[in-house]
Every structure is written in C-alpha cells, then in structure tokens.
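To start, the structure under review is shown below, and the notes come after it.
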Amino acid sequence: MTTPVSGSRAGEVHPSLDELAGAQGAAPASGSTPGARTAASKESNTVTRAPASPAVASAPREFPTGTMDYYRKRHFDFVDRNPGAPPPPYYLQYGDKYVQRFAALGSNDLSPQGLVWRDRALKGLQKAMEDGLKEGAADFAKLERRPDDFRIWAYKTHVNAYLDAGLLELPAQDLATILFTPDFKDLLNKEGLDQVLEVLKKLHPDKIAAITAATAGETARPAFEQMDRELKALMLQSWITNGN
C-alpha cells in the first residue's frame, strides 16, 4: 500500500517502507515479535551503485530520499571521493542499521498509524541530511571527515524528523515499540539521551504514564534485560578507556 508522505503535493504518493524493502529483497515479516531485533537479509545489504562519475572530495552527490539504500549510497559516495579515508560510521552503523530494523516492524508491531509514521520519519531523516548537503556541499564534505562531529550533527536532525512525521500523535504502544527498537547503546550516549529527553519534554504526562504501563508487562522483560546488558557493557568500555 502506498501512503502519502508529509509535505507531498496533493495526490502524490510514495512507496511505503514495506514496498521498498520488498523491492530490495528485505520484505518485513508481519508476524515479527514486538521489540525483536530482526537481522536484515543478505540481499538487503546489497546496494545499487550509482553510475561512475569523477569523484571530487568536496562535492558529495545528491541522492533521492525515502529509500532503503540511501545511507549505503552516502557511505559509498564518501569512499569514492576519499580513497583510504574512513567513512562516517553513522552511515552504516546507525542510518542503514535502523532503516533495516524499522522495515522489519510489521502490522503486529505497529498500528497502521505507526507504520505511516515509520515511513514519514524515514523520508524526513534522509531529507534533513540532503538539506544539509544542499546548504553547502563543501562544508558537508568537511563535516563527513570529522566522524564525531558528523554524528552529533546528524543526531540533532532526528527529533524534528520524528515530530514532523507525527510522533506525538501515536498511541502509547507504538511509542513503546519505537523506544525499544534501537540498541540502547545508541540511546545512552550524550546525543541519544538528549534526543530522548527532548521528545519526553513534549509528551503529555498522561502519554508518558501510558508508555510506562505498556512496557511494564512480561513482553517488555527481554528489552529491559538487553538495556541492562548494554548499559553494563558501556560502563565497562568507559572504565577500560579511562584506565580505571
């Protein structure tokens, strides 16, 4: 089913994330377990490379948004323009990872409204990155070569994309599912915590209470156990890095 995307011209429709995933061999399983971290299929990890063109380090290419392979295209565009330089980990370790993971959420995990939000948020996140590029390609290219600064900048675009897609209008169960879909290590860094707190400030107290109730049952136990493991791993990593 195609769904209108926020900001589209009247009557214009875009493929849903389900359709995009299916077209690339990564159709989500509609009966997946809520909160489960579903691995993307091998086929979904292939990317259609754009036609070769002269690569200039300070001239990132523009790509269509709302696609399953957007972040892989950005990754390979950087590699083509910067031989031997490490690309921003954000592209594959965050952006692409969560395109695949949210595509794996089906009708057993999110309400119809939640699925529409998922597709709009995907479009919004990618558009925010393209808008940053269009504002200044040379500056964007320099930012890419500073991975930590690039991650901080990218995280700052998340909340507006979530809210513009209709996050605050979603039912509490959808919000709980969305909260538990990311790896907690991606939420427990400073940028991740900042975006969670920014969203919580905008939620009505009654909605927060409903989310708490929705995550209080046995179905949420694996997610809480995963959070506990990841938090301890982060503490151990920090302890080792800082030398006690």
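The values are calculated or read from the model by the stated rules, or taken from the named source; none is laboratory data. As the structure is a prediction and not an experimental result, all values here were calculated from the model. Using ideal geometry, Cβ is built from the backbone for each residue, glycine included, and neighbour counts are taken over all protein chains shown.
Given the condition buried (at least 21 other Cβ atoms within 10 Å of the Cβ) and of a type in the set (Val, Ile, Thr), answer yes or no: does some residue in the range 80-100 qualify? Looking for residues that are buried (at least 21 other Cβ atoms within 10 Å of the Cβ) and of a type in the set (Val, Ile, Thr), one finds at least one in the range 80-100, hence yes. For residue 158, the conditions (1) in contact (Cβ under 8 Å) with a residue 60 or more places away in the chain; (2) farther than 12 Å from residue 65 by Cβ are fulfilled apart from (1).
Of all residues in the range 76-107, those that are assigned to a helix (DSSP H, G or I), over 23 Å from residue 178 (Cβ atoms) and touching a residue at least 24 places away in the same chain (Cβ under 8 Å) total 5. On the stretch given as the range 127-149, residues that are in contact (Cβ under 8 Å) with a residue 60 or more places away in the chain and over 13 Å from residue 64 (Cα atoms) total 8.
On the basis of being among the aliphatic types (A, V, I, L, M), over 22 Å from residue 63 (Cα atoms) and surrounded by fewer than 19 Cβ atoms within 10 Å (Cβ to Cβ), does residue 115 make the cut? For residue 115, the condition - among the aliphatic types (A, V, I, L, M), over 22 Å from residue 63 (Cα atoms) and surrounded by fewer than 19 Cβ atoms within 10 Å (Cβ to Cβ) - is not met. Out of everything in the range 152-166 that is crowded, with 19+ Cβ neighbours inside 10 Å and either at pLDDT below 90 or in contact with an Asp or Glu (Cβ under 9 Å, 6 or more places away or on another chain) (or both), what residue ends up being farthest from residue 202 (Cα to Cα)? Filtering the range 152-166 for residues that are crowded, with 19+ Cβ neighbours inside 10 Å and either at pLDDT below 90 or in contact with an Asp or Glu (Cβ under 9 Å, 6 or more places away or on another chain) (or both), the one farthest from residue 202 (Cα to Cα) comes out as 154.
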